[in-house]
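These notes are about the structure you will find just below.
The values are calculated or read from the model by the stated rules, or taken from the named source; none is laboratory data. For clarity, every value in this text was computed on a predicted model and none was experimentally measured. Here Cβ is always computed from backbone atoms with ideal geometry, including for glycine, and neighbour counts include all displayed protein chains.
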Amino acid sequence: MESARIIGALARMLRDVGLAEELAQDAVVQAFESWPVSGTPDKPAAWLMQVAKNRALDHLRHQALHRNKEGELTWEIETQLQDNQPDLDELVDRDIGDDVLRLMFVSCHPVLSTEARAALSLKVLGGLTTGEIGRAFLVSESTVAQRIVRAKRTLAEARVPFEVPRGADLKPRLASVLQVIYLIYNEGYSASAGSDWLRPGLCREALRLGRVLAELMPEEGEVHGLVALMEIQSSRERARLKPDGEPVLLMDQDRSRWDQLLIRRGLAALERAAQCGAFGPYAIQAAIAACHAR
């Protein structure tokens, strides 16, 4: 549950998503070793963040020492590191929401293929295992693992900045993030391969990512438009399949089985999209879905 926030904070410090994920996993391993003995801390998330942060600081110190000439690892260097530690501490104490948002933009960077963006997003933002991602997209676990490894390497080689784009750069990059969330949702809503018509787990994960993005970027109408579309489409989940697994077309569905809460949430998100200005393709699709919902 905490992985995206921890990875986001560490990636901001280290400028390396792969290394951030490794250190976050190390913190979880330490929890497995420590908590059965010492007991679960009152604030597990804060404990994990602190342990991961300490490991990141150790890595930064090691890098700083390594950069100096051989034989010059002196007291002055250690003093300098100690003097800089408050600044390093401050690196992980900023707004956590911003870290998750940055991580979204890094994971969905256009330098990666669409498949790689989806796999990396589900791994670092959704916390899914490579096996779960492989089963969701009907590819082997090794294929997913290779995509994720290549994605991390590509991001590192391209020196992708760990930041949210501003100005004219924001729209195309935001479009990339929305495209990945939309892709994940569509694969769950109407699976492109395999015997299952629906994969609800992917729909729920895409909807969760969309809700997070809408909270972090409340002024972006198309974010609310995509959330509205997913909320309303998800409201029909219980009515879309017959007991034998065959699909039920929209006009034949038992509408008493539609989820009223999701419909209300979708209509509210659509209203927020309208308040933000012009409708884009996601908001237009949501408006069409809203006609059926009403």
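Applying the criterion of being more than 18 Å from the chain's Cα centre (by Cα) and among the acidic types (Asp, Glu) to the residues of segment 142-170, the residue that is modelled with the lowest pLDDT is ASP169. For segment 250-261, the count of residues that are within 26 Å of the chain's Cα centre (by Cα) and of a type in the set (Lys, Arg) is zero.
Here's the yes/no breakdown for (1) under 22 Å from SER113 (Cα atoms); (2) out of contact with any Lys or Arg (no Cβ under 8 Å at 6 or more places or on another chain); (3) not polar (S, T, N, Q):
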| site | (1), (2), (3) |
| --- | --- |
| VAL149 | yes, yes, yes |
| VAL160 | yes, yes, yes |
| GLU163 | yes, no, yes |
| ARG166 | no, yes, yes |
| LEU178 | yes, yes, yes |
| LEU207 | yes, yes, yes |
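Can you name every residue in segment 235-263 that is surrounded by fewer than 22 Cβ atoms within 10 Å (Cβ to Cβ), touching a residue at least 24 places away in the same chain (Cβ under 8 Å) and small (Gly, Ala, Ser)? The answer is GLY245, and nothing else. If we scan segment 130-141, do we find a residue that is at pLDDT below 85 and in contact with an Asp or Glu (Cβ under 6 Å, 6 or more places away or on another chain)? Scanning segment 130-141 turns up no residue that is at pLDDT below 85 and in contact with an Asp or Glu (Cβ under 6 Å, 6 or more places away or on another chain). Just to be sure, is ALA168 without any contact (Cβ under 8 Å) to a residue 60 or more places away in the chain, surrounded by 18 or more Cβ atoms within 10 Å (Cβ to Cβ) and within 26 Å of ARG15 (Cα to Cα)? No; evaluated as a whole, the condition is false for this residue.
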